[in-house]
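Every read-out reported here was derived from the displayed coordinates using simple, explicitly stated rules and does not represent laboratory data. As the structure is a computational prediction, the values presented were derived from the model and not from experiment. Please note: Cβ atoms are built from the backbone with ideal geometry, for glycine as well, and neighbour counts cover all protein chains shown.
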Amino acid sequence: MPPSTCVSEFRSVLHESTSIVAVVGAGLSAASGIPTWRESGGVWKTYDPAAIATPEAFAANPSLVWQHYHAMRERALQATPNPAHLALALLCIPTLLATIAPSAKFTLVTQNIDGLDMRAVQDTAKQYGKDMPAGHVCDVARVFEMHGRVLDTLCTSCGHRDLNTSSPLCPALAKSMLGNADTKIPVEDLPHCGLCGGLLRPGVVWFEELPHHSREIWEIVDSADLCLLIGTSSHVQPAAAFAYEVADHGGKVAVFNIASSEGDEERDFLFLGPCAEMLPRVLFGSG
Ligand SMILES: [Zn+2]
């Protein structure tokens, strides 16, 4: 049977669910002007992500890696959450969640590193007189930034992790010309740790590294009865594995994405369109 596109049928499933997990990918941030890696343009198109986003790549050429992440940091700092982020943030407010899913707990798992999911949750929680400390799971909501945050720095010597919203992180990066990756910044001019003086690296999860919170996320996926795949191709890992696990134990899977992808035909619901329009409408709109 092909996936349903019926909003009222989806709302009935949502209403009966007890544990909802939303797995979010790059499509969620498209309306905030955050391009995917491949869309980021300029010289970066010529680099394979695996040649930039690995510990080995950083060790071999920290200047190149930092210039790339500097550009991503600047974009993240200028971006603001869009209506899709805000719709998910509303689900993090227990009283609002209860209006559409009275018995449910909600967990947001984001693969994005732009920090917009957490910003939307923090802003929304504040509006409702709640507190959502940065980088923490609290009683307001469970939010897991499984691939870290582009605005975090991580010390390669002492392991200190810090949220740093300085723009730029250091003077040399201000001078680095986007698209001119041949400009080699001496290591001593790259960002260094305020505690121990060690070289800082971007605080994101790279290829070959373990995602954050894996154990907690799998525990939640194991007991979820509704999985929302949002802005992510449903055949790409880890979204595919989470969806299959939820379906395997009898839960439902709903896909929200700009276009359909391989594996969508096995899902229960499919809502195609820009996430910033589709998600608020299907979750809260008049149908
Ligand atoms: Zn350090």
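Put in order of Cβ neighbour count within 10 Å, fewest first, the listed residues V204, V236, V21 become V236, V204, V21. Applied to the range 150-165, the Karplus parametrisation 6.51 cos²θ - 1.76 cosθ + 1.60 on θ = phi - 60° returns per-residue 3J(HN,Hα) values of 5, 7, 7, 10, 9, 6, 6, 9, 9, x, 5, 10, 8, 7, 10, 9 Hz, with x for Gly and Pro. For the range 218-268, a Kirkwood radius taken over Cα pairs fed into Stokes-Einstein (37 °C, viscosity 0.692 mPa s) yields D = 309 µm²/s. The magnitude of the dipole of the range 163-282, with charges of +1 and -1 set on the Cβ of Lys/Arg and Asp/Glu and taken from the Cα centre, is near 620 debye.
The amide H of D152, built 1.01 Å from its N in the peptide plane, has N164, G203 as neighbours under 5 Å, considering only residues 5 or more places off or on other chains. Charge dipole (Cα centre; +1 on Lys/Arg Cβ, -1 on Asp/Glu Cβ; no other charges) of the chain amounts to roughly 780 debye. Calculated mean residue ellipticity, 222 nm, the chain: -10000 deg cm²/dmol, from DSSP H runs (n ≥ 4) at -39500 (n - 2.57) each, averaged per residue and rounded to 500.
Taking the chain as the region of interest, the number of lysine pairs whose Cα atoms are within less than 22 Å, with members eight or more places apart or on different chains, is 6. Database remark: amide H of S19 closer than 5 angstrom to the amide H of K105, D225, L226 (H placed geometrically; neighbours at sequence offset of 5 or more, or on other chains; Pro and chain starts carry no H).
In plain terms, the chain from R215 to E277 could stretch by 19.1 nm, reckoned as 0.36 nm per residue minus the Cα-Cα distance. When only Cα pairs below 8 angstrom with a gap of at least 6 residues are kept, the chain shows a relative contact order of 26 percent.
The 3J(HN,Hα) values that the Karplus relation (6.51, -1.76, 1.60; θ = phi - 60°) gives for the range 51-56 are, in residue order, 8, 10, 9, 9, x, 5 Hz. Gly and Pro appear as x. Just so you know, the Cα atoms of the chain work out to an Rg and Dmax of 19.6, 60 Å. Between the residues Y69, T54, C227, the greatest Cα displacement towards the positive end of the dipole of the chain, with unit charges on the Cβ of Lys, Arg, Asp and Glu, is found for Y69. The string of couplings for the range 61-78 from the Karplus curve (6.51, -1.76, 1.60, θ = phi - 60°) is 8, x, 4, 4, 5, 5, 5, 5, 6, 4, 4, 5, 4, 4, 5, 5, 5, 7 Hz, one whole number per residue in order, with x for Gly and Pro.
Dividing the convex hull volume of the alpha carbon atoms of the range 177-247 by its residue count gives 173 Å³ per residue. Charge dipole (Cα centre; +1 on Lys/Arg Cβ, -1 on Asp/Glu Cβ; no other charges) of the range 185-249 amounts to roughly 180 debye.
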